[in-house]
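Working notes for the structure below.
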Amino acid sequence: MLHADGHAATANMRPVQGARLLRAALRQLGEPTSVRQTPAMAELRGRVLVSLAYAESEQGHIEQGWRLLDEAEALLPPRRRGLLLNQRALLYIRTGKDGAAIEQYDLSLAVLREESEPQDLARALLNRGNLHLSRAEVRLARADLLRCADVAGRHDLARILPMATHSLGYLDYLVGDVPAALRTYHAVAGQYALVKPGLLAVLALDRARALIAAGLFADADQQLAYALEQFGRHRLRQDLAEAQLARAEAALLSGDLTAARLWAARARRGFLRRDNHRWAALAALLALRARRARPDNVATALVIAAEARALADTLRELGLMEDSRLAGLHAARALVAAGQADAADREAHRHGPPRRADRLDTHLLWRLVRSELARAAGRRAEASRHLAAGMVALQRYRGQFGCLDLRTGTAVHGREIAAAGLGAALRSGSTATVYRWSELSRAQALLLPPAVPPDDPAAAAALEELRQVRNFLRDAELAGRPVGELRGRAASLERTIREHAWFAAGPDVVPRLAPFPAVRSELADAAMVIYLRDGTRLQALVAVGRRVHLVPLGGYAQAVEAVRRLRADLDAQAGRTMPARLAKAVTGATRRDASSLASAVLEPVLPLVGDRDLVVVPTGALVAVPWGVLPGCAERPVTVAPSATTWLAARHRVRAQAELTADGPDPRPTVLVAGPGNDRGEAEITAIAGLYPHATVLTGPAATPGATTKALEGATLAHLAAHGHHQAQNALFSYLDLAGGPLMGYDLQRLDTAPSLVVLASCDLGLTDVRPGDETVGMTTALLSTGTSTVVASVSRVADETALSVMTGFHQAVRRGHSPSAALAVAAPADLAAGFVCFGAG
């Protein structure tokens, strides 16, 4: 019993507990000399020693593990040889000696028989399959893991079957199918919770790796925090070091180079203590990548190049061919930075191009190196082609994802290539090239076809429960009751909803960018201003008629600070009734901050734009500019679009719908909704309803999330007057308060046919989470990504009387035939200080 319990504890990632139980078993068996006369007792002692060898080695006591196995070998009969070989192979794996481990598993599987030793056979297949995975031998891994699952299923090995499934999910991750991997991990988590809870930490580590591949480094870090705590508590030294290395990679992806170097150094020390030189070399490579990101001078670059070349040789000797290629490419980049282009070219050729099965980051780095080499040789066109090919590869990779969360996250992998391409385009002065790179490097997620999540009862149930929990949470907060448990439950439900959304597969397409002539033709008499970041500076690409200009602006950080101050002013004005002197001071501050922002981002382009309507393609925090408040935009129709391509596509949808209804009224419904607890909501809806006599009107108890989403399907226009809340941490959980609970961004993502025009008459719901590549996530993005052509929403708080005035005036203008952007300009003059913005087609 002690042997079985000790073995189970170790297998459940509790080696300290397992070793204690196994030593107790040895004490019960007595001294070795007393059992040699009894073959059965000798065999039992040998099996306990094999299990103890594993428990000790997992804690980092490698030499002790080998001694225990040698002692066990003298006690085990020949028919138990497979067990001994399995354990020796596992120790070889944990010390980075994969070749020796393969030999041991091959010998073990030659003697193990399913009829008599199904569990040992299944374990050997599982471990050899995982070893093949670590060596990127996908075909061999799949064969072993499928056979393991087959054996485990036939013999009801409930503790092994989930592990085989887990490894098959890891195989999906390796071949690039991240949604499939995340789906499998979610299913396995429930099985582990029942039969092997100790493996949940290992699962968290693998889930973190998949999330890093999807660019969600913050979510990965949360998984790794749990894994690190568990591995440290139970002295799982190898797993602890692997989790530290993964955390270094997450830090590198987030741009925190100091943390990346720190975690990589910790991981390397942990691997070296286990005599695992393969993993130690991988940690050294990641530390070098963090250093390579900022070579201070030529001398530093040359030092990095020398270290990278030596590391490439080490990795090759260890059989890590892709990682060797990665180190060589970093050496080549460092040599280019040091001005040694010929040596860099030789180094790049020494490692060759990436293989088809190599990771995305390897392909992107190779493109970046080839581009830098071409540029150093004066071949600018070739340099640009390599960078563009890298962006296409990233877009093809993004195409596997079916949810907005993952689609927008992947942009971080192309951050360096995008910056290089856009920077080179700006230096060239070619407006056509600048336009092309502007479109290649921003808001690519919205170019993919809408992907409605598959029917998922668990996700739907979690959404409904989250509504109720948020209702209870709000009531408890108002009543002053404890809310810790409710907040914890809400966070758990949000995790479930996000995870289920990740499972959706994408369309696997690479969309085409809109040609600049087509965009300029569609503009007609309007002007388009595309804002671009060039390092710390801003520039604007201005298209007016047949003319296109590049206009230098000021610093990006100063513009961001001006946006922040102006939005704070608007929030203060909308918050409450103020004494006259304070109200006058806030109004004055609003005017000053609006003028300051206008001077930074608008005034330099106005001489070119004149009095034309304006289409703005913002970058970064400029997506939250309340344009209608700026001097120079008063009563000017302004449309904000994520990119020129998305704007043109939205315009085409609007035109197509107009053509369908040219001979008669639009048969699609108009939907007007007023949420509870909103003093002006029902009055606003009543006033607007008079303009749309056939509208579906939902107010009071009828304005539920379910009734609203049903009404929104296929609507031509939807107006939602309710309290709105932007959730900065998880923007797709931003919501509108309706009767019976909130309507969230995730609800809108599930629409089959989104409304053409949506008005969010509430506070803050024009705000978004801005990710690398100017990928935005929020309520407006949720609608635009599902096919809504135009969204009107506020980027600040809005006073009730202001919202009522602007919204009624907006709809009156729409009914007179104005476009949404023109209607908003008429209804919201600058002196109202309203933060409403027209997003999409305009």
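Any idea of the accessible area per residue across the chain, 1.4 Å probe, to the nearest Å²?
Working: 34260 Å² over 842 residues.
With the other protein chains kept in place, the chain gives 41 Å² per residue.
Annotation: peptides 759-765, 264-270, 507-513, ranked by per-residue average of other Cβ atoms within 10 Å with the highest first, follow the order 759-765, 264-270, 507-513. A crude spin-label estimate for the pair Glu71 and Arg355, with each label 7 Å from Cα along the Cβ direction, gives 4.2 nm. Here segment 381-436 is treated as a sphere whose radius is the Kirkwood value from Cα pairs; by Stokes-Einstein at 20 °C and 1.002 mPa s it diffuses with a coefficient of 178 µm²/s. When the inverse distances between all different Cα atoms of segment 366-479 are averaged and flipped, the Kirkwood radius reads 17.0 angstrom. For segment 623-749, the alpha carbon convex hull comes to 158 Å³ per residue, rounded to a whole number.
Given a Förster distance of 41 Å, report the FRET efficiency between Gln222 and Arg537 from their Cβ-Cβ distance, rounded to the nearest 0.05. Display every interim value, and only then the final one.
Values: r = 35 Å, r/R0 = 0.85.
According to the calculation, E is roughly 0.75.
Report the charge-dipole magnitude of the chain in Debye, nearest 20, computed about the Cα centre from +1 at each Lys and Arg Cβ and -1 at each Asp and Glu Cβ.
Details: 99 positive and 85 negative charges, 405 e Å.
Charge dipole, the chain, about its Cα centre: 1940 debye, nearest 20.
Treating each Cα of the chain as an identical point scatterer and summing with the Debye formula, the log10 of I(q)/I(0) at q = 0.04, 0.10 Å⁻¹ comes to -0.22, -1.10. Centre-to-centre separation between the Cα atoms of segment 334-413 and those of segment 85-134: 38 Å.
Backbone geometry of segment 101-115 corresponds, through the Karplus equation with coefficients 6.51, -1.76 and 1.60 at θ = phi - 60°, to 3J(HN,Hα) couplings of 5, 4, 4, 5, 5, 4, 5, 5, 5, 6, 10, 6, 10, 4, 5 Hz, x marking Gly and Pro. Surface composition of segment 715-842: carbon and sulfur make up 45 percent of the accessible area, probe 1.4 Å.
In whole percent, and with a 1.4 Å probe on the protein chains, what portion of the accessible area of segment 538-663 is carbon and sulfur? Intermediate results must be reported in sequence, preceding the final value.
On the way: 3030 of 5680 Å².
About 53 percent, which is the carbon plus sulfur part of the accessible surface.
Between Ala683 and Val298, what is 0.36 nm times their sequence separation minus the Cα-Cα distance? Round to one decimal in nm. List each step's numbers first, then the result.
On the way: separation 385, 0.36 × 385 = 138.60 nm, distance 6.83 nm.
131.8 nm is the gain from fully extending Ala683 to Val298.
Taking every alpha-carbon pair in segment 607-678 and binning the separations at 5 Å intervals from zero gives 3, 12, 15, 15, 15, 18, 14, 7, 2, 0 percent. When the alpha carbon gyration tensor of segment 252-402 is reduced to an equivalent ellipsoid, the three semi-axes, largest first, read 25, 19, 15 Å.
For Ser794, the residues 5 or more places off, or on other chains, whose built amide H falls under 5 Å of its own are Ser762, Asp764, Leu765, Gly766, Val837.
Solvent-accessible area of segment 93-214 (1.4 angstrom probe, protein heavy atoms only): carbon and sulfur portion equals 53 percent.
When the chain is fully extended, how far beyond the present Cα-Cα distance does Leu257 get from Asp455, taking 0.36 nm per residue of separation?
Values: separation 198, 0.36 × 198 = 71.28 nm, distance 4.10 nm.
Stretched out fully, the Leu257 to Asp455 stretch lengthens by 67.2 nm.
In order along segment 691-703, the Karplus-derived 3J(HN,Hα) couplings, from 6.51 cos²θ - 1.76 cosθ + 1.60 at θ = phi - 60°, round to 7, 10, x, 9, 6, 7, 10, 10, 9, x, x, 6, 8 Hz, and Gly and Pro are given as x.
Determine the equivalent ellipsoid of segment 480-625 by diagonalising the alpha-carbon gyration tensor, then write out the semi-axes as square roots of 5 times the eigenvalues, largest first, rounded to whole Å. If you can, show how the numbers build up before the last one.
Working: eigenvalues 249, 183, 37 Å².
For segment 480-625, the semi-axes come out at 35, 30, 14 Å.
When the helix-only estimate is applied to the chain (DSSP H runs of n ≥ 4, each -39,500 (n - 2.57), divided by the residue count), what is the mean residue ellipticity at 222 nm, nearest 500 deg cm²/dmol? Only helices count here, giving -19500 deg cm²/dmol. In this structure, Leu478 and Ala728 have a Cβ-Cβ separation that, at R0 = 25 Å, corresponds to a calculated FRET efficiency of about 0.65. Could you give the distance between the Cα centres of segment 248-293 and segment 585-608, to the whole Å? A separation of 46 Å, based on Cα centres.
Once you compute Rg and the Kirkwood Rh from C-alpha atoms, what is the Rg to Rh ratio for segment 777-824? Numbers along the way, then the final one.
Numbers: Rg = 12.2 Å, Rh = 12.0 Å.
With Rg and the Kirkwood Rh in hand, the quotient comes to 1.02.
May I ask for log10 I(q)/I(0) of segment 187-253 at q = 0.14 Å⁻¹, from a Debye sum over the Cα atoms as equal point scatterers with solvent left out? Normalising to I(0) and taking log10 leaves -0.37.
May I ask you to rank Thr590, Thr38 by accessible area, largest first, using a 1.4 Å probe over the protein chains only?
On the way: Thr590 10, Thr38 60 Å².
Solvent-accessible surface, decreasing: Thr38, Thr590.
Take His7: with every protein chain present and a 1.4 Å probe, its accessible area is about 60 Å². Remark: segment 779-787, residue by residue, has Karplus-estimated 3J(HN,Hα) of 5, 5, 5, 4, 6, 4, 6, 9, x Hz, where x stands for each Gly or Pro and the curve is 6.51 cos²θ - 1.76 cosθ + 1.60 at θ = phi - 60°.
Projection of the Cα convex hull of segment 497-563, averaged over all directions and equal to a quarter of that hull's surface, yields 8.2 nm². Here Arg655 and Val509 are evaluated by their C-beta separation; at R0 = 30 Å the FRET efficiency comes out at 0.85.
Using only the C-alpha atoms, the convex hull of segment 738-793 corresponds to 94 Å³ per residue.
Accessible area of Thr95 (1.4 Å probe, protein heavy atoms only, ligands and nucleic acids ignored): about 10 Å². Packing, taken as the mean count of other beta carbons within 10 Å per residue, orders the peptides 237-244, 808-815 from highest to lowest as 237-244, 808-815.
Give me the extension gain from Arg269 to Glu561: residue separation times 0.36 nm, minus the current Cα-Cα distance, reported in nm with one decimal.
Contour length minus the Cα-Cα distance gives 100.9 nm.
When the charge dipole of the chain is built from unit charges on Cβ atoms (+1 for Lys and Arg, -1 for Asp and Glu) and taken about the Cα centre, the candidate among Val392, Val616, Leu757 whose Cα reaches farthest toward its positive end is Val392. Net charge in the neighbourhood of Arg385 (other residues with Cβ under 11 Å of its Cβ; Lys, Arg +1, Asp, Glu -1) is +3.
Is segment 551-659 best put as rounded, prolate or oblate by its Cα gyration tensor, with a ≥ b ≥ c the root eigenvalues, rounded for a/c under 1.5, and otherwise prolate when a/b is larger than b/c, oblate when not?
Details: a/c = 2.19, a/b = 1.65, b/c = 1.33.
It is prolate, given that a/c is not under 1.5 and a/b is the larger ratio.
The values are calculated or read from the model by the stated rules, or taken from the named source; none is laboratory data. Here the structure is a predicted model, which is why all the values come from computation and not from measurement. Ideal geometry is used to build each Cβ from the backbone, glycine not excepted, and the neighbour counts take in all protein chains shown. Note: areas computed on protein heavy atoms with side chains; ligands, DNA, RNA excluded. Shrake-Rupley method; radii C 1.70, N 1.55, O 1.52, S 1.80 Å.
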